[in-house]
1. Could you tell me whether any residue of the range 16-33 is out of contact with any helix residue (DSSP H, G or I) (no Cβ under 8 Å at 6 or more places or on another chain), modelled with pLDDT under 95 and farther than 23 Å from P148 by Cα?
2. Please count how many residues of the range 442-476 are surrounded by fewer than 16 Cβ atoms within 10 Å (Cβ to Cβ), in contact with a Leu (Cβ under 8 Å, 6 or more places away or on another chain) and of a type in the set (G, A, S).
3. I'd like to know if the range 196-208 contains one or more residues that are crowded, with 23+ Cβ neighbours inside 10 Å and hydrophobic (A, V, I, L, M, F, W, C).
4. Being touching a residue at least 40 places away in the same chain (Cβ under 8 Å) and within 28 Å of P550 (Cα to Cα) narrows it down to one residue among F493, F510, F502; which is it?
5. Can you name every residue in the range 482-506 that is within 18 Å of F424 (Cα to Cα) and in contact with an Asp or Glu (Cβ under 6 Å, 6 or more places away or on another chain)?
6. When only residues in the range 443-490 that are under 23 Å from R506 (Cβ atoms) and free of Cβ contacts under 8 Å to residues at least 60 places away in the same chain count, which is farthest from the chain's Cα centre (by Cα)?
7. Report yes if S36 is hydroxyl-bearing (S, T, Y), at pLDDT below 95 and crowded, with 21+ Cβ neighbours inside 10 Å, otherwise no.
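The values are calculated or read from the model by the stated rules, or taken from the named source; none is laboratory data. Being a predicted model, the structure only gives us computed values, none of them experimental. Cβ placement follows ideal geometry from the backbone for every residue including glycine, while neighbour counts extend to all protein chains displayed.
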Amino acid sequence: MRLRTLVCALVCGAAVFGQQAWQVKEFPIGCWRGPSPAHNTLEHYQRVRDCNFNIVGPSGGYTPKSHRALLDLAAKAGLKAILVDGRISSQMVMRDDWKSLVTQIVADYASHPALYGYYLHDEPSSVLFDPLGKISREFERQDPTHLPYINLLPTYANNRQLGTPTYADHLQKFLQISTPRVISYDHYALLKKGGVRADYYENMELVQVASQRSGIPWWYVHNSGAYSGYRVPTEAEMRWQVYTSLAYGTKGIGYWYYWGRLQEDDDRTGVVDRDGKPTRLYHILQKLNGETQALGKVLLPLTWTGAWHVGEIPQGTRRLGGDGIVQLPADKPLFVGLFRAADGTQYAMIVNRDYAAPVEFEAGFLPHVVGVARISAKDGSAAALTSKTRTFTLGLGAGDGMLLRLTTEFDYPKPPKTLTAIDFQFNQRGDMEGWGGLAGLSAEKVAGGTLTMALGAQDPHISRSYLRVPAGTYQGLRVRMRVTSGMAQGQVFWTTSAEPAFSAMRHVNFPTVPDGTWQEYEIPLGKHARWTGKEIRGIRLDPSVGDAKPGAQVEIDWIVGIPAE
């Protein structure tokens, strides 16, 4: 029973879990640990907004009264807020009146235009998924327009912290039990001793898989300051965090943390220092958040379809193969995230995995890509890239990325029209009139009223299926063609409703003149026992039985049936 439940949950997605995905009009960009209660002023919230954040919080230390003041200031600055109300905890469900307490909290804040959501918990173990799910659903019931927010642990948490044997199981149980509207998690990859965590990309892979199966969007909380063994990011490292997560399809980005921290060895390692004054990171994020807003407008409605890597392949990720619509050099530290719009338009975000050095590279595209445009990170506009070869020389700064819009054209083959008559004239340019199945023939072209093909040396043939020619309609075929080389013999095969495969038991040989002159051939079929009285379903023409010289051609003017007498 446990196995059946898990399998159904994996394949049935949101229908099983009952989630309603969080819908947004603007790409969420939030900061944890915003202005403290002692700095609850318009100046500080305007500074948050000027850094191109649109969500402030979660931030602790506030009372309901000071929260309302926070909301007033956030509204004036053009911000939304996620509130940390001390009345909300996983233990509140132990109270008999806990739903009434939710009612009080909703009454305090829900009508305010600056409210974004309610903070419920950070990095819970699976043992808390049940009470948090109850609380989340009750907030949704009483206030469906605001987000009950839970943030999850990363992959490097141990089994005791997760409360599950694997991280994938942790995500699965969270979705099934807590039924969140957003999958949010933090993963601090930039280690103070140098390098990054090996499971950085794997964490995104696992979260994205869970997101796709459930239909619930995911958010990433990045590191924006020195914290418990993590270094202060450089500009390139900040860009690397953002562009890698955008290429993996995140629908929201947060930063831990905004306000400077006294307990660290450098209290200026936040986005602002402990007095609220901008640090080096403030100006980096001001620009980067602006880019995220511009690209986010394009990315929000898109569906992520996968990410593939070249160079040294990170743990838990996939190598780019030859079938990828974008082709990248195998020796570069790159990866590509692919997206699809509702109208089928495809997008590709290429990212430089190296946050220490820029990279130049050749990007190629499959033949059905007929146009490539780069999306501006300043305003989201598209500018066409030009190339005569579908290969582009591109460059990315350290940790940087670029979003491309791909215009594709491909004529998917359709079954030919079923015919009851044999009459093929090849008068319409490019129209093979349903003939196909070429073998030993190539470079087919219909132009000037004829079908022209390069003639191979071994058993060349072409066929036309999807026929329903009534028995007794024709006694043979008439073909006008010219053959420039090969043996002086051709063949016709056919299929019937009773015998639907071409076979040597159903064929007729006929003599040809392979000297390049136009000839009309009459191929008698009516006396063959397997033609007479049969409904014809397909015909195959072998213009030669082989031995054509290199450069040989066959040109066919028409193929028609000879009416039965």
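1. No, that holds for no residue.
2. So the count comes out to 0.
3. yes
4. Being touching a residue at least 40 places away in the same chain (Cβ under 8 Å) and within 28 Å of P550 (Cα to Cα) holds for just one of F493, F510, F502, which is F493.
5. R482, Q491
6. So, considering only residues that are under 23 Å from R506 (Cβ atoms) and free of Cβ contacts under 8 Å to residues at least 60 places away in the same chain, the one farthest from the chain's Cα centre (by Cα) is A488.
7. Here the answer is no, as S36 does not meet what is asked.
Rundown of residues vs (1) within 18 Å of H112 (Cβ to Cβ); (2) in contact with a Ser or Thr (Cβ under 6 Å, 6 or more places away or on another chain), yes/no style:
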| residue | (1), (2) |
| --- | --- |
| W22 | no, no |
| P37 | yes, yes |
| L42 | yes, no |
| D50 | no, no |
| A75 | yes, no |
